Amino acid sequence: MADSPCAKKWLPLEANPDVMNQFLWGLGVPPDEAECYDVYGLDEELLEMVPKPVLAVLFLYPLTAQSEAERVQQDSQTKVQDPTSTVYFMKQTVGNACGTIGLLHAIGNITSEIKLDEGSFLDKFFKSTARMDPMERASFLENDREMEVAHSVAASAGDTEAPVNVDTISICFMRRWKPDHLTWCTTPSSLLQDAAKVIQKMMQKNPDSMNFNVIAISKRVKAQMLHPVCLGSFTVGSLTVLASTSCSLCKFILIVVVLEQHCYELIVFTNS
């Protein structure tokens, strides 16, 4: 949500990993560096399904009178950020752009962990705004035509029709201190779990609402492929089954079934 009434409004960006991925990849995040994923639930089992390592977490939640009052109070207690701070933070002066602001907060604080395409929009944007304060960055974004066009294209690519006005707000959880909403500490390995605990408390304030969405931005890790190691084989009539391991990171068993001279592959993930 914008920090003050503003003349400029963008179409809201759909909280959809596919939309956000195309948006980020088109602006300079290489597809093999980072990717957005849905978080299907906050139970430990569902959190474990999210690819690791998680670099940032975006949380979309309903905009209510209570949440707006809390935001205003927190903003009044937030000091003007020193441009030399290691935390990248910006205000929002464009309506309906909270999703884009959340993504910029996420990417702006993980540039030491992912490599942006040299000379890309995001590479130039973060370099140009590195020494600005949060409001100057907001003004820079508001007047950036290239970002406005990219946002419009991405917003139009969603599965649902974009509303003129949104009644939700998004925040970004990162591994560092987060100055816009909460002060907290976390570790790289527990970021998603720690964010989930805070999100659960925020959801409890709106028990009748289903308008929540959690998206994780994870670093893409290249699997370390090994030469297959055969674990064994057996034959039943014309059916031959071969089992082998082929990845030390994913811990899966590749099962190759040979039936009537046709090969079929089945991957079974294991916990051990």
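The values are calculated or read from the model by the stated rules, or taken from the named source; none is laboratory data. None of these values were measured; they are calculated from a predicted model. With ideal geometry, Cβ positions are generated from the backbone for all residues, glycine too; neighbour counts draw on all protein chains shown. When the accessible area is computed, the model is the full protein with side chains, heavy atoms only, and any ligands, DNA or RNA have been set aside. Shrake-Rupley method; radii C 1.70, N 1.55, O 1.52, S 1.80 Å.
Residues of segment 50-107 that are among the basic types (Lys, Arg), modelled with pLDDT under 85 and in a loop (DSSP other than H, G, I, E, B): Lys79 alone.
Consider segment 118-140 and keep the residues that are touching a helix residue (DSSP H, G or I) at 6+ places or on another chain (Cβ under 6 Å) and touching a residue at least 24 places away in the same chain (Cβ under 8 Å). The one that is nearest to Ile217 (Cα to Cα) is Leu122. Being modelled with pLDDT of 90 or more, within 15 Å of the chain's Cα centre (by Cα) and open to solvent by 30 Å² or more (accessible area, probe 1.4 Å) is the filter here, so list the residues in segment 195-219 that pass it. Those that are modelled with pLDDT of 90 or more, within 15 Å of the chain's Cα centre (by Cα) and open to solvent by 30 Å² or more (accessible area, probe 1.4 Å): Asn213, Lys219.
Applying the condition of being polar (S, T, N, Q) and in contact with a Phe, Trp or Tyr (Cβ under 8 Å, 6 or more places away or on another chain) to segment 104-118 and asking which residue is least open to solvent (accessible area, probe 1.4 Å) yields Asn109.
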